[in-house]
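Inspection log for the structure reproduced underneath, given as structure tokens.
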Amino acid sequence: MAFGRKSRPEEPFEPVHWNDITKFTVGRMTRHTFRASKRGAGPHAVRFHRRRGGEDHMVPGVYIVPAAPPATLSKGGFLLFEDEGNRQLLCNVLPDGSDRYRVTDAGGQELGSVRRTSITKKLTYQGLWLEQVGQPAVVARHHWARGGLLASAERGAGHVLGGVVDSLLSFGAEGGDRATDFKPVVWAVETDGPKGERGEAVLTVPRTTGSVTWYFVMREGWLDKRLTFALAVLRESETFGADRR
């Protein structure tokens, strides 16, 4: 008799190794649907995309654990694990008391850092940037700031004053307004070109779709994906409260 029969649980998605993830988001939401009641919630995680039954799923791939609860992730740092049981440590992301979050692997070997942009450069650069051991810095310029502040002023961007400047100087403004800002954010190798030429692009946020921000990273290349996860977790959690949704 069909009455009262429970629906069958969904088959789990095939796991993906963290180094094979090229499109990811950060948060607890498990489905991207119009109906909030169907979105579901799971552990705070770096999640990859899968589509099933006409719905977009965000499948956990790397799990996020605060290093010093109840401190926020930006204050106390966090750990990334390959498994939900927190047995397979992927890396540590810990603040060192300056503008830097040191990223180390399970054995304590330094992979690089996520850095905060200094107050003097926040009108030109996004609020977070990356450095990997033995590689050039990876930065993201504001879309209107190509070539630096002088070039921006020459193009008419110099009129950005008052409250707009104040908002840009705050860490939370780095991604722009979710409802109106559709300009891509691109982290690329820093160059010294006089016109603000961009080097090799390694991490991109093309746009925000509803309540989900997708990050795209190269499948192959020299950039360690663990650094991109660390940057995205800090950016999403501190700016958009991804650990609460």
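The values are calculated or read from the model by the stated rules, or taken from the named source; none is laboratory data. Note that this is a predicted model, so its numbers are computed, not measured. Cβ coordinates were reconstructed from backbone atoms using ideal geometry, including for glycine residues, and neighbour counts include every protein chain displayed.
Only one of these is modelled with pLDDT of 85 or more and either among the small types (Gly, Ala, Ser) or assigned to a loop (DSSP other than H, G, I, E, B) (or both): Trp187, Trp222. Name it.
Sole residue among the options that is modelled with pLDDT of 85 or more and either among the small types (Gly, Ala, Ser) or assigned to a loop (DSSP other than H, G, I, E, B) (or both): Trp222.
For the range 76-119, please list each of the strands (runs of 3 or more DSSP E) lying entirely inside it that holds at least 2 residues being touching a residue at least 12 places away in the same chain (Cβ under 8 Å) and among the basic types (Lys, Arg). Even if it seems obvious, please write down each step before you answer.
Working: elements: 78-81, 89-95, 100-105, 110-116.
Filter on the range 76-119 gives 110-116.
Say whether the condition of being surrounded by 14 or more Cβ atoms within 10 Å (Cβ to Cβ), modelled with pLDDT of 95 or more and either farther than 17 Å from Phe229 by Cβ or of a type in the set (A, V, I, L, M, F, W, C) (or both) is met by at least one residue in the range 55-63.
The answer is yes; a qualifying residue exists.
Which of the following residues is aliphatic (A, V, I, L, M), in contact with a Lys or Arg (Cβ under 8 Å, 6 or more places away or on another chain) and more than 23 Å from Leu128 (Cβ to Cβ): Val103, Val59, Val93, Val16?
Val59
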